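The structure under discussion appears below in the form of structure tokens.
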Amino acid sequence: MVKAVVGANWGDEGKGKITDMLAKEADIIVRFQGGANAGHTIVNDYGKFALHTLPSGVFYDHTTSIIGNGVALNIPLLFKEVQDIVSKGVPEPKILVSDRAQIVMPYHILFDQYEEERLGKNSFGSTKSGIAPFYSDKYAKIGFQVSELFDEELLKEKVERICETKNVLLEHLYHKPAIQPAELLETLHQYRDMVQPFVCDVSFYLHQALKEGKEILLEGQLGTLKDPDHGIYPMVTSSSTLAAYGAIGAGVPPYEIKKVVTVCKAYSSAVGAGAFVSEIFGEEADELRKRGGDGGEFGATTGRPRRMGWFDCVASKYGCRLQGTTDVAFTVLDVLGYLDEIPVCTAYEINGEQTTEFPTTALLEKANPVIEKLPGWKCDIRGIKKYEDLPENCRKYIEFVEEKIGYPITMVSNGPGRDDIIYRNK
Ligand code: GDP
């Protein structure tokens, strides 16, 4: 069976923790999109880790971790991440890399920086990991597939061809040094030697695994609102963040995805630019940011302070709908225990009219939040294992959100650890 773990919101919902937890029962965990631009923070018996490329299943020795064809693969970073976790005592993970995954080239990272510099105040707030230039090249059909590293003649010709076009831009648009083809080819030889032991025909591997009844988890990065089609375009990421794309980015039939676990955080946070209707500022935001997540809401990749907001029922209902949610994992609820009253955004007011349907970006920019306040529970709920043992106001908050978003909350996460989870039978 295939399950997908994906985000309902802007990312940072706690997908890493939920994947790490569900991976206990899984055989294979596949990253199917995105690159090293976002990170998952995971706390387990080995310590605290920020993963950027590795799937969040690498901490078990019974699992195989796969980098699917949909991923923007930064080869040196992948291997640095493996070394990091192994140096902290995690057993050497079993890793496979799709022969159809494409490679983040050193110039993608440079172009990402140069373009953000050029855009100045109109920049996207990119993490400058090369993701947008990478996907642009993939769809412009000038990307490098892992498989191409193993055809020397093709590689040499392609490197020369691509340097020619990239160097025109470097010289005339960005006024930066040119790429030397010989140097780039040498770098690609190093990448080839690093990745060689792990290269695999992943879709075939997964096809066989499904026949054998194996349990496969597809791990998404970011969330619905960062999807290039259904998110807050153009302040989105460059690959689809939806469970449906898991079928493509891993190479499994769409009908095999039987469960879609959509991770939804009990309040909102976002990184980068773009409309954020329930955003809060000043001291109110600082307090939530400081208490949020596990040690504060700061980017796992960049360390930047995240933008904060109250729970947004409109965005989350939409976020869950586009994912095709079968189960909602409602996370980081413990953080809200300090509030007397908990504001929730229940609708948007746009041009004087209220709506609970998430609009396209131009209208979103005009939306004002309609806020309702729920009573807080004013205590620490960490360590609670049974739903009935949660304070009444806490259950009311969960049930209010569930009713507004219209999808069943079957898991409630009340701490960063693997075992900080309350299951609800729905
Ligand atoms: P991801 O990218 O969706 O995996 O999310 P991040 O890792 O960026 O952010 C989630 C943060 O919240 C991490 O620091 C987690 O350790 C932490 N976290 C996850 N679930 C919970 C929870 O239920 N309670 C608390 N306090 N922290 C959590």
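General observations
- Residue tally, condition within 14 Å of Pro93 (Cβ to Cβ) and more than 13 Å from the ligand (Cβ to nearest atom), over the range 37-55: 1
- Taking every residue in the range 373-400 that is farther than 12 Å from Asp340 by Cα and touching a residue at least 12 places away in the same chain (Cβ under 8 Å) and pairing it with any residue that is β-branched (Val, Ile, Thr) and assigned to a helix (DSSP H, G or I), at least 6 positions away or on another chain, the pairs with Cβ-Cβ distances below 9 Å are Tyr387/Ile398; Leu390/Ile398.
- Condition broken by Ala244, with the remaining ones in (1) over 30 Å from Ser98 (Cβ atoms); (2) in contact with a Gly (Cβ under 9 Å, 6 or more places away or on another chain) satisfied: (1)
To keep it simple, each residue is scored yes or no on (1) of a type in the set (A, V, I, L, M, F, W, C); (2) under 22 Å from Val263 (Cα atoms); (3) modelled with pLDDT of 95 or more.
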{"site": "Gln354", "(1), (2), (3)": "no, no, yes"}
{"site": "Thr361", "(1), (2), (3)": "no, no, yes"}
{"site": "Glu365", "(1), (2), (3)": "no, no, yes"}
{"site": "Ile381", "(1), (2), (3)": "yes, yes, yes"}
{"site": "Lys386", "(1), (2), (3)": "no, yes, yes"}
{"site": "Leu390", "(1), (2), (3)": "yes, yes, yes"}
{"site": "Phe400", "(1), (2), (3)": "yes, yes, yes"}
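- The criterion of at least 3 residues that are under 26 Å from Leu374 (Cβ atoms) and within 16 Å of the ligand (Cβ to nearest atom) is met by the following strands (runs of 3 or more DSSP E) wholly inside the range 252-362: 257-265, 268-270, 307-309, 327-331.
- Checked against the criterion of being in contact (Cβ under 8 Å) with a residue 60 or more places away in the chain, hydrophobic (A, V, I, L, M, F, W, C) and farther than 16 Å from Gly68 by Cα, the candidates Leu218, Leu225, Leu206 yield just one match: Leu225.
- In the range 386-422, of all residues being over 22 Å from Glu297 (Cα atoms), within 23 Å of the chain's Cα centre (by Cα) and among the hydroxyl-bearing types (Ser, Thr, Tyr), the one that is surrounded by the most Cβ atoms within 10 Å (Cβ to Cβ) corresponds to Tyr407.
- Qualifying residue in the range 23-36 (condition: in a loop (DSSP other than H, G, I, E, B), modelled with pLDDT under 90 and within 13 Å of the ligand (Cβ to nearest atom)): yes
- Test result for Tyr205, under 30 Å from Val263 (Cα atoms), among the hydroxyl-bearing types (Ser, Thr, Tyr) and more than 16 Å from the ligand (Cβ to nearest atom): yes
- Residue match in the range 56-76 (condition: within 15 Å of the ligand (Cβ to nearest atom), part of a helix (DSSP H, G or I) and in contact with a Leu (Cβ under 7 Å, 6 or more places away or on another chain)): no
Conditions (1) in contact with a strand residue (DSSP E or B) (Cβ under 8 Å, 6 or more places away or on another chain); (2) not hydrophobic (A, V, I, L, M, F, W, C), marked per residue:
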| residue | (1), (2) |
| --- | --- |
| Ile75 | yes, no |
| Arg100 | yes, yes |
| Glu115 | no, yes |
| Lys128 | no, yes |
| Ile131 | yes, no |
| Phe134 | yes, no |
| Gly143 | yes, yes |
| Leu149 | yes, no |
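- Test: residue in the range 42-56 that is among the hydroxyl-bearing types (Ser, Thr, Tyr), out of contact with any His (no Cβ under 9 Å at 6 or more places or on another chain) and modelled with pLDDT of 95 or more: no
Matching residues to (1) of a type in the set (S, T, N, Q); (2) under 15 Å from the mean Cα position of the chain (by Cα); (3) under 20 Å from Gly246 (Cβ atoms); (4) outside any loop (DSSP other than H, G, I, E, B):
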position	(1), (2), (3), (4)
Lys48	no, no, no, yes
Thr53	yes, yes, yes, no
Lys80	no, no, no, yes
Ile85	no, no, no, yes
Gly89	no, no, no, no
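The values are calculated or read from the model by the stated rules, or taken from the named source; none is laboratory data. Just so you know, these numbers come straight off a predicted model, no measurement behind them. Cβ sites come from the backbone with ideal geometry, for glycine too, and all protein chains shown count toward neighbours.
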